[in-house]
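Beneath this line is the structure, given in structure tokens, with notes to follow.
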Amino acid sequence: MSLPPQVPGQDPLARGARTFRRRQATMACAGAVAAALWLSPAAAQQQARQGRLTIAPASRDQMRDASSVVDSMRRGGELRLRTTREDPQVRGRTHQRLDQFYRGVRVFGADVAQQLVGGEVVSVYGNVYDNIDVDPSPSVDAERARGIVEAIAGTEIGHQPELTVLPREDGAYTLTWRVRAVTGLDVREYFVDAQTGGVVFDYSDLQTQSAVGRGTGVLGDSKKISVSEGGGQFTATDRLRPPNVNTYDLRGDYTRAIRYLNQLIQLTTNDLAGDSDNTWTDTAVVDAHVYVGWTYDYYFKRHARRGLDNRDLPLVNIVHPARRQDFQTNFSIVPDFYLNAGYYGGGVMVYGDGLPVGVTLVGGQLVDYFSGALDVVAHELTHGVTQYSSNLIYRNESGALNEAFSDIMGTAVEFFFQQPGSGTLRADYLCGEDIVRPGGIRSMENPLAFGDPDHYSRRFTGTADNGGVHTNSGIANQAFYLAIEGGTNRTSGLAVQGVGASNREQIERVFYRAFTQLLPANATFSVARAATTQAARDLFGANSNAERAVTQAWSAVGVN
Amino acid sequence: MRASMTVTLAALLASCATPAAAQTWTERGYVSVNGAFQATTNDFNDRFEFEKDLETGTTDVDYRVKGGVVFDAGGGVRLWKSLGAGVAVSYFTRKDPAATSTRSPHPFFMNQFRDVTGDTTDLTRTETAVHVQAMYFFNPSGPLRVVFSGGPSFFNVEQQLVSTVVLTEAYPFDTADFSSARSEKVKKTAPAFNVGADVMWMLSRSIGVGGILRFSRASIDLGAANSRTVSVDAGGFYAGGGLRVVF
């Protein structure tokens, strides 16, 4: 399922719109047509990209032309004086700011600033829009617009909405009501279509900055958490990493979680996990937010990859889709929102709450918050990497490879950040051992220990679990393990000379290259063997240790 | 250095004072204006801590304070026979570089510091000293005049100290680069001592030229930001010459 997350704050003024040449040809205000020449070449190029008229005269003549056009627009009522202030730094100078209006309605983001001395214009800069053609009479009144935003923002609004012409990204203009909503977590500007009542644009006007907080993880470990600070509140928005990383706390409202995942609602800043003193104690929030960042770091540092789509796709974490204390009453959603972490496409991850204290799996294992295991978080994110690369079909052998790649990268991330060893917060070849305790849920070193095949001859051939995607992943997992650590496959008895733990990076790079660049969507184990062998040759040369280890490992697990 | 210089000056004083034929000054006193060169270097170092991203970072700074030009002016009066008193003021200022070495916490990870080095320039050291002196006036022969002096000094040291190192850093923040250093001026006055000799050659009854040797030394604990103290040495040996007016 692909679910593009909400991307708040994109400026419609900066996107698309018409070219400079077209503006030259169609500009409505006659005097201003010539004024296109105000633009310096650099400004003209900028203008051509951004689709608005930038006033930035580069010579005295252009200045004269510009100021005369500004005067003309003022006389025509298109520019209206907003402020006049004396210059506190240079004596005798005055600064004026003028807003553009269209038939009495202010145009959003269109204004001019000019500096004068004795009535003579010294400088003039601005952005104005031309060829506006909207009906300035709203069908939706201000009260209704305010009510619409109140419903969205979840707060009462006292001030009067302002009728505004909003320049749109496609070059069109929309008559809107501009409504400002202040909540505990955000200050947001909404633009409600004055004809239809729909919100056509909104952005956060809250001035925030990055902050580093201290958080306690699910296992009681202390770690740094990259968050945002604004309005005296800290929110789980990572501003230090290239992609937008947000962690939302749905506070156990699983209905809302489902509606979001079905794209029926959008999450707002009110849903962001927050903290008042920047000492974060919601362990599920801390680990989800931190481990997603670490996983991004791993891909960036090890594989020079910029996030899931290699283009810094925004990442959305959802924690507490259901609450542990509601476990007994939410039995129908236990598989998804308690006993699972899931990648839902489009960079959205949901982490289950695990089981309440005193409730265990049949084998006696406790299940903690799913965000509390680095390899689990990395596993889920790697599904996103797969989605945006090989897009391995999630059934049968390609599905098992999909799962295996997530296990492989999850383990690789663990070894990248944690010390090797056994127990919690240690890097090993168990999967999920930090949250399903004791033991975890899979082993790459010995898949048989969890009932998973370590050899192709033992593969699951039924239809359950999409053809055993979580079972047959053990075959590729074992190959990855043997290629690094070496050893003997328990089923075939074939020995493998691995590259050694100190060279694990080689095998990680081989599998990453094969699984993201070489494999087709319906790959089989056999194709995976060929692709990883090719990747080893590409990266380390024919007959390299890496190629030898990879080929021996696949042979040992019965894949030829 | 300090001890050897003291011994040298004492020996000089003893050798000059020995001749029995020496005459005493008949003049009341003198004033002098000198340009001199301070040979002593007063390098020092400092370490300060800073809080960043929940951890404590450190910056070590190695300051160079080379020798340089000293302006010296003073004078003395004979009070009883060959003994007298005087006062002199010396002024020394120069700008020197400093080498910084910073360990800056990582924004994402505990105990993962980034080591950053960088140099900053033009850190000003200014030493203004007032030397109060007991004097021995000595006239070996003809136009030659010698004055030995010694006594307490009062040093005012103003030093520009690095207070913050500005780093440039970007994702993934595993390294950082030195961008610039901000500094603060601190100053303090402390007592010291001085010994010296002034050798004059009178060109006329009241005008002459002369050479000066002076050793004055102070150790000062400068108070810097965050309640830390930075120990510096000031002064040293300087030698120079200039104009003398005898009255």
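Computed values, structure above
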read-out	value
Cβ-based exposure ranking for A:Ser443, A:Ser139, A:Ser68, in which fewest neighbours within 10 Å come first	A:Ser139, A:Ser68, A:Ser443
For A:Glu508, B:Glu169, A:Glu414, order by how many other beta-carbon atoms lie within 10 Å, fewest first	B:Glu169, A:Glu508, A:Glu414
Positive-end residue of A:Leu425, B:Gly67, A:His320, charge dipole of the protein assembly as shown with Cβ unit charges	B:Gly67
Calculated P(r) of the protein assembly as shown - Cα pairs past 34 Å, %	68 percent
Local electrostatic count, B:Phe137, Cβ distance below 15 Å [Lys/Arg +1, Asp/Glu -1]	+3
Karplus-derived HN-Hα couplings along segment B:110-122 (A = 6.51, B = -1.76, C = 1.60, θ = phi - 60°), whole Hz, x at Gly and Pro	6, 6, 10, 8, 9, 8, 10, 10, x, 9, 10, 10, 6
Helix-only [θ]222 nm of chain B, DSSP H runs n ≥ 4, -39500 (n - 2.57) each, per residue, nearest 500	-2000 deg cm²/dmol
CD proxy at 222 nm, helix term only [per DSSP H run n ≥ 4: -39500 (n - 2.57); per residue of chain A; nearest 500]	-9500 deg cm²/dmol
Net +/- balance of residues flanking B:Glu169 in space, Cβ distance below 11 Å, scoring K and R +1, D and E -1	-1
Chain lengthening between A:Glu150 and A:Arg490 when straightened (0.36 nm per residue, less Cα-Cα)	116.0 nm
Segment B:112-217: relative contact order as a whole-number percent, Cα under 8 Å and 6+ apart	27 percent
Kirkwood Rh, Cα atoms: Rg over Rh of segment A:102-220	1.14
A:Thr237, A:Thr424, A:Thr488 arranged by Cβ crowding within 10 Å, fewest neighbours leading	A:Thr488, A:Thr424, A:Thr237
Simple label model, 7 Å out from Cα along Cβ direction - A:Glu505 to B:Val77, nm	8.0 nm
Label-point separation in nm, A:Asp538 to A:Asn391, each point 7 Å along Cα→Cβ	1.9 nm
Within-9-Å neighbourhood charge of B:Arg228 [Cβ basis; K, R +1; D, E -1]	-1
Cα-centre dipole for chain A with unit charges at Cβ (Lys and Arg positive, Asp and Glu negative), debye to 20	1520 debye
Over 26 Å between alpha carbons, listed pairs A:Lys224/B:Lys185; A:Lys223/B:Lys185; B:Lys52/B:Lys188; A:Lys301/B:Lys52; B:Lys66/B:Lys188	A:Lys224/B:Lys185; A:Lys223/B:Lys185; B:Lys52/B:Lys188
Contour excess over end-to-end distance, with Cα ends at A:Ser332 and A:Ser422 and 0.36 nm allotted per residue	28.9 nm
Difference of contour (0.36 nm per residue) and Cα-Cα distance, B:Asn226 to B:Ser141	24.7 nm
Separation in nanometres of the label points that stand 7 Å from Cα toward Cβ, at B:Asn45 and A:Gln195	7.4 nm
Range in chain B, longest, excluding exposed trypsin sites (Lys or Arg not before Pro) [loop by DSSP; at most 13 other beta-carbon atoms within 10 Å]	B:82-204
Relative contact order (percent, whole number), chain B, Cα cutoff 8 Å, 6+ residue spacing	21 percent
For a label point 7 Å along the Cα-to-beta-carbon line of A:Arg306, residues of segment A:223-252 with backbone N under 12 Å	A:242-244
Calculated on alpha-carbon atoms, Rg and Dmax of segment A:169-273 in Å	16.7, 54
Relative contact order (%) - criterion: Cα under 8 Å, at least six apart; region: segment B:151-205	45 percent
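FYI, it's all coordinate maths here, none of it is from the lab. Owing to the predicted nature of the structure, the values given are computational and were not obtained by experimental measurement. Using ideal geometry, Cβ is built from the backbone for each residue, glycine included, and neighbour counts are taken over all protein chains shown.
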